[in-house]
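Okay, so here's the structure we're looking at.
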Amino acid sequence: MSQENVAIRENIQDLLDSRVVVSVSPHIRNEVTISAIMYCVLLALLPASLAGVYFFGFPALKIMLLGIIGAVAAEAIIQTLLGQKISVRDGSAAVTGLLLALTLPPTIPWYMVLVGSAIAIILGKSIYGGLGNNPFNPALIGRVVLLISWPVQLTRWQNPTYLFSKSIDAVTAATPLAILKNEGLAGIADVRLLDLLLGNRSGCIGEIAVLAILLGFGFLLWKGYVTWHIPVSCIVTVFLVSGIFWLINPNQYANPLFHLLSGGLMLGACFMATDMVTSPMTSKGMIIFGMGIGLITIIIRLFGGYPEGVSFAILLMNAGCPLIDKYTKPKAFGRVP
Amino acid sequence: MKLKTFLGGIHPPSHKNLSAGKKIEEPPLPKTVCIPLAQHIGAPCEARVEKGQKVKKGEVIADSQAFVSAPIHASISGTVTAVQDYPHPSGKKIKAVIIESDEKDEWFREPKNGQDPLQLSSEELKKKIREAGIVGLGGAAFPTHVKLSPPKEKNIDAIILNGVECEPYLTADHQLMLEKTEAIVKGLQIILRIMGVQKGYIGIEVNKPDALKAMKKATKGLSNIEVVGLKVKYPQGAEKQLIKAILGREVPPPPGLPMDVGAVIQNVGTAYAIYEAVTFGKPLIERIVTVTGRGIKEPKNLRLRIGTLFSEIINYCGGIQGEAGKVLMGGPMMGLAQYTAQVPIIKGTSGILVLSKEELASGESKHCINCGMCVRACPMHLIPSSLGTYCEKDLFEEAEAAHIFNCIECGSCVFVCPANRHLVQMVKYGKSAILAAKKQQQQKK
């Protein structure tokens, strides 16, 4: 054997006998990690966030930053206090903070954002044992606690002020859904669907620009991190149920397109209901889940005391998620049902 | 046309270009071979030779009386220097016959053209297959004559040759299909004759268009053999998924077997070995192995004698390149990690894969986030995330109720899991714990 070969052989021994890893198969994984997903969700929320800043100016940006900082800080603090490993770098707290901010009115006082994001993290997530254990969408827990605690501030809306606009006077204006609830169909007679689509209306920072929301969601679909089942089943349900009422009495009920484009339906269906931790795992389960959210939303809108019901609908269906998972298990290969 | 496939599965990067298209080479004769006495599932063999005994290539060196077993032959001529415990690719130490070469490479009984195998009876053919020590060469290494002897009440109507090779990196079957096309088809015809079955299929993923074309050409005019192009997806080559794709039938859960839905699957390499065994009387002393990975200097497809040491083969392929992360027997999805390169090639070795340090899956395991990616990937339609959690918490009754024994441990769930959970490891642990508990219970009775 040549000297070179001897060298190679020793080199093989050296490498193999001392330093190779021995573990159970499989030995390769794809690149997708929890943090990759979370950062992509942040990226997917960018169009809606930018639209919020465009329509409501720097106050919107401030609220979003406060939301993210509040959530990340709350998670870091609670994990330090509990002696846990600090996991804020996985991006999930930032997603919660941003999602919460996107569901707040642009007029909300700064400290409420911080309280809301801390509650979202602590009562929405940490108390259950952290990411993966929470039964409810943390951002919505934060929002609903705020809504119940400060109902006035959480429903004080204004028309878009536009970024870089000369006028600094914000005009207080109710959301289209609130007008519908209080004044009936006559109140929304001059609401243009195109304005609803683009976001030129009063409402929460991130819910107004439907087109931007869909753009971001399309990105997540393309990445393969979410599936179409929940948003589509939810939106179709809202469309069908509101459509039925509209057909029965178009003088009393708004047309289904108005319901699709107004309120927080799109933001909720695309980004809140699709939260992996709190939604079902199988496509069948997802469709049931989405239909449930759509149905509860439209029932609250048409017959409830609140003008909008997406948050409550999602939280209620979150509670039903384990049950849905239990009854929509896939049929194991080769097993007779 | 929509390609045939199954529901679920994943698309790992193939990396087959490292060794694809490389002609099968035969390295110089090994100086020593270490042939383990346990090559396959079933009863281990007992040595029929002693230290100091001279043996010739093809001579039986170990056998067993048990039905589920196949004899083992000397793969070189020389002297038995020891019959002792030796590192086995399974990770254990298992008794092996160690033969030092006399460099003559003499046959015990020279393979020669015998009777046309298609004139022999089914029983004669099966006897020849057992005598040649043939086992499934796809990896599980189940004795072939047993697989070809289903109970009478099973109505077999389809033989499927598995040319899918869905494991990333491996190209041995692909290359064999290109170089030994006719022999493989003849092997299938022999199997059809043994089983008295009318219809044979050859399943190949469409990422091997040359192999598909060659097989189609070789089977032209043979109305009873159909070559089926399959969608490229892992684990398309798993028995149950292959049957589902080609025949549309679902093998019932364990103890259900392919024969329960009328199918028998054989790897293309096995078909080739069957052809050689019954036509020339050549025992299984060598097989085609892909030596590849970013950690190997010159990836190759090799014809290797059973018992050749990994270290010698890696050496022949130019040695290790960069820093080796893992040395595997088999592919990256289901292969076995080795702790030493002194393990031998066995009958079930389809590849030697050296992954570089950078390729290793790393990152700590996190809590499940319920994303459902494993559920969508699972080709057995289970809920891997729940199975993993049950096993982790020793909830074995729940794991059994969730069909843990359906799991084929293909690793698709782990491949996609964003939380880096070690689901296959947990399932393996759960299965062994459940089986151990059952055994204990039986003993008490």
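FYI, it's all coordinate maths here, none of it is from the lab. Remember, predicted model here, so these are calculated numbers, not experimental data. Note: ideal-geometry Cβ built from the backbone for every residue, glycine included; neighbour counts use all protein chains shown.
Using a Förster radius of 45 Å, what is the FRET efficiency between B:S121 and B:F405 based on their Cβ-Cβ separation? Nearest 0.05, please. Calculated value: 0.75. Rounded to the nearest Hz, the phi-derived 3J(HN,Hα) couplings of the stretch B:320-329 under the Karplus curve 6.51 cos²θ - 1.76 cosθ + 1.60 (θ = phi - 60°) are 7, 10, x, 9, 6, x, 8, 10, 10, 9, where x marks glycine and proline. Going 7 Å from the Cα of A:R19 in the Cα-to-Cβ direction, what parts of the stretch B:308-333 have a backbone nitrogen less than 16 Å from that spot? So the set is B:319-327. Among A:W157, A:W110, sorting on how many other beta-carbon atoms sit within 10 Å of each Cβ, with the fewest leading, yields A:W110, A:W157. Its DSSP H runs of at least 4 residues, each contributing -39,500 (n - 2.57), put the calculated 222 nm mean residue ellipticity of chain A at -18500 deg cm²/dmol, to the nearest 500. Between B:Y339 and B:R109, the contour length at 0.36 nm per residue exceeds the Cα-Cα span by 79.1 nm. Between 0 and 90 degrees, rounded to the nearest ten: what's the tilt of helix A:310-327 against the longest Cα principal axis of chain A? Between the helix axis and the principal axis of chain A, the angle is about 40 degrees. Counting, for every residue in A:325-333, the Cβ atoms of other protein chains within 10 Å of its Cβ and taking the mean gives 6.
Where in the stretch B:15-49 does the amide nitrogen come within less than 13 Å of the point 7 Å from the Cα of B:T81, taken along Cα to Cβ? Taking a point 7 Å out along Cα→Cβ of B:T81, the residues of the stretch B:15-49 whose backbone N falls under 13 Å are B:30-35. The alpha-carbon atoms of the stretch B:373-444 define a convex hull whose volume equals 71 cubic angstrom per residue. Rounded, prolate or oblate for the stretch B:238-388? Axes are the square roots of the Cα gyration tensor eigenvalues, ordered a ≥ b ≥ c, and the cut-off for rounded is a/c under 1.5. It is oblate, given that a/c is not under 1.5 and a/b is not larger than b/c. Using the Cα gyration tensor of the stretch B:6-69, with a ≥ b ≥ c the square roots of its eigenvalues, what is the shape: rounded (a/c below 1.5), prolate (a/b larger than b/c) or oblate (neither)? Here the stretch B:6-69 falls in the oblate category. The Cα-based radius of gyration of the stretch A:123-262, divided by its Kirkwood radius, gives an Rg/Rh of 1.01.
Between the amide H of B:I202 and those of B:L161, B:E226, B:V227, B:V228, distances stay under 5 Å, these residues lying 5 or more places away or on another chain, with hydrogens modeled in the peptide plane.
Each residue of the stretch A:275-290 was assigned a 3J(HN,Hα) from its phi angle through the Karplus expression (A = 6.51, B = -1.76, C = 1.60, θ = phi - 60°), giving 3, 4, 4, 10, 10, x, 9, 9, 5, 4, x, 4, 5, 4, 4, x Hz with x at Gly and Pro. Peptide A:79-86 shows a mean partner chain C-beta count of 0 within 10 Å per residue C-beta.
Across the cross-link table entries B:K233/B:K428; B:K180/B:K300; A:K329/B:K154, which are compared at the Cα atoms, the separations over 21 Å belong to B:K233/B:K428; A:K329/B:K154. Our analysis of the stretch A:34-154 gives Rg over Rh at 0.96, with the two radii drawn from alpha carbon positions and Rh computed by the Kirkwood formula. For A:D190 and A:I127, the difference between the fully extended length at 0.36 nm per residue and the C-alpha to C-alpha distance is 18.1 nm.
Under 11 Å from a point 7 Å along the Cα-to-Cβ line of A:V236: which residues of the stretch A:255-287 have their amide N that close? From the stretch A:255-287, the list is A:287.
Taking label points 7 Å from Cα along the Cα-to-Cβ direction, B:E46 and B:S362 give a separation of 5.1 nm.
A straight line joining the Cα centroids of the stretch A:283-313 and the stretch A:49-111 runs 25 Å.
The order of B:V206, A:V32, B:V135, going from fewest to most other C-beta atoms within 10 Å of their C-beta, is B:V206, A:V32, B:V135. Enclosing the Cα atoms of the protein assembly as shown in their convex hull gives a volume equal to 202 cubic angstrom per residue.
Principal-axis analysis of the Cα atoms of chain A puts helix A:210-223 at an angle of about 20° to the longest axis. May I ask for the angle, rounded to the nearest 10°, between helix A:110-122 and the longest principal axis of chain A, with both axes built from Cα atoms and the value confined to 0 to 90°? Approximately 50 degrees, to the nearest 10. Please compute the net charge surrounding A:A174, taking Lys and Arg as +1 and Asp and Glu as -1 over other residues with Cβ under 11 Å from its Cβ. After counting each charged neighbour, the total is +2.
Once backbone amide H atoms are built at 1.01 Å from N, B:G351 has B:T290, B:G330 as its partners under 5 Å, excluding neighbours fewer than 5 places away on the same chain.
Shown for chain A is the translational diffusion coefficient from the Stokes-Einstein equation, using the Kirkwood radius over Cα pairs, a temperature of 4 °C and a viscosity of 1.567 mPa s: 60 µm²/s. Taking every residue in B:105-112 and counting other chain Cβ atoms within 10 Å of its Cβ, the average works out to 0. Its alpha carbons considered, the stretch B:39-127 gives a radius of gyration followed by a Dmax of 15.3, 43 Å. Only helices enter this figure: runs of n ≥ 4 DSSP H residues, each worth -39500 (n - 2.57), summed and divided by the residues of chain B, yield -8000 deg cm²/dmol at 222 nm to the nearest 500.
If you wrap the tightest convex hull around every Cα atom of the stretch B:112-280 and split its volume per residue, you get 111 Å³. Sorting B:V416, B:V278 from the fewest to the most surrounding beta carbons within 10 angstrom yields B:V416, B:V278. Taking label positions 7 Å along the Cα-Cβ direction at both B:Y429 and A:F303, the computed distance is 5.0 nm, reported to one decimal.
Taking a ≥ b ≥ c as the square roots of the Cα gyration tensor eigenvalues, chain B comes out rounded, since a/c falls below 1.5. Residues whose amide H falls under 5 Å from that of B:G325, counting only those 5 or more places apart or on a different chain, are B:L355, B:S356, B:K357, with hydrogens built in the peptide plane. Debye sum, Cα scatterers, the stretch A:181-328, no solvent: what log₁₀ I/I(0) at q = 0.15, 0.18, 0.19 1/Å? For the stretch A:181-328 at q = 0.15, 0.18, 0.19 Å⁻¹, log10 I(q)/I(0) is -0.74, -1.04, -1.14.
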